[in-house]
Amino acid sequence: MSIERKCPHCGAPLVFKTSICLLAVCAHCSSLVRRKDLDVEKLGEVAQLQPDGTPLQVGARGKHQGDAFEVVGRVQLATKAGFWNEWSIVFNDGKQGWLGEAQGTYAVSFPASAPGSVPGFDKLKVGQKLDLGGKTFRVRDLLSAKYLSAEGELPFRPPLGEEAPSADLIAPERKFATLDWSEGPARPLLFIGEYEDFDDLHFSGLREFEGWKRPG
């Protein structure tokens, strides 16, 4: 059930489509707003999104392994290799996940509990193996990403304007994991999922623009 509030800065309507997402970016004034029971609070303002040629947009729909989801928000990041989007997706059963998009690669993941034995970022090495979520993953890349901007509804407050280290890990059968230290060095956030082909996600409601051709 959706929840409607008014932006505390400009008064425009804010619709929270799920109870999972407690933050939203006002589409009218770019204020980052937090929902608190019957009230809302402005937390700051969000920088303008950078053009990145993505066909995805808030409101697009898709399917992951047969389960339908809707794109409700986005965090835009930048690395040395270019832009990277993490789209917040909500499934029909209320489950929240993430759809990562970078240079034409798509990956769906879900939050998981990181074991206390995970080494710190500065202790990891490319090629190192870690046991996460009952599988053995190999560290593929270690990088630092800057949180540029955001839009729509989000389940957490992104550290906009800041950089945070993360580790990308892979396993057989297109499985992957991400360790994310955006909340501090003590213990990383863990996300586990799998890479998906564009057509297998059965998108609808995509953004159409000149120069983009649907894969396949």
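The values are calculated or read from the model by the stated rules, or taken from the named source; none is laboratory data. Values in this document were obtained by computation on a predicted structure and should not be read as measured data. So basically every Cβ, Gly included, is an ideal-geometry build from the backbone, and we count neighbours across all protein chains shown. Heavy atoms of the whole protein, side chains included, go into the accessibility calculation; ligands, DNA and RNA do not. Shrake-Rupley method; radii C 1.70, N 1.55, O 1.52, S 1.80 Å.
Within the range 178-198, if we keep just the residues that are open to solvent by 60 Å² or more (accessible area, probe 1.4 Å) and modelled with pLDDT under 95, the residue that is farthest from residue 128 (Cα to Cα) turns out to be 183. Close Cβ contacts (under 7 Å, 6 or more residues apart or on different chains) running from residues in the range 118-143 that are in contact (Cβ under 8 Å) with a residue 40 or more places away in the chain and part of a strand (DSSP E or B) to residues that are open to solvent by 30 Å² or more (accessible area, probe 1.4 Å) and hydrophobic (A, V, I, L, M, F, W, C) comprise 132/192; 137/170.
Taken over the range 137-170, residues that are surrounded by fewer than 18 Cβ atoms within 10 Å (Cβ to Cβ), of a type in the set (A, V, I, L, M) and in contact with a Ser or Thr (Cβ under 9 Å, 6 or more places away or on another chain) amount to 2.
Inside the range 67-101, residues that are part of a loop (DSSP other than H, G, I, E, B) and open to solvent by less than 60 Å² (accessible area, probe 1.4 Å) make up a count of 1. The number of residues in the range 13-55 being assigned to a loop (DSSP other than H, G, I, E, B), modelled with pLDDT of 80 or more and of a type in the set (S, T, N, Q) comes to 4. Just so you know, in the range 199-212 the residues that are assigned to a loop (DSSP other than H, G, I, E, B) and on the phi < 0 side of the Ramachandran plot include one that is surrounded by the fewest Cβ atoms within 10 Å (Cβ to Cβ), and it is 210. Out of the range 176-199, which residues are in contact with a Lys or Arg (Cβ under 6 Å, 6 or more places away or on another chain) and basic (Lys, Arg)? The answer is none; no residue qualifies.
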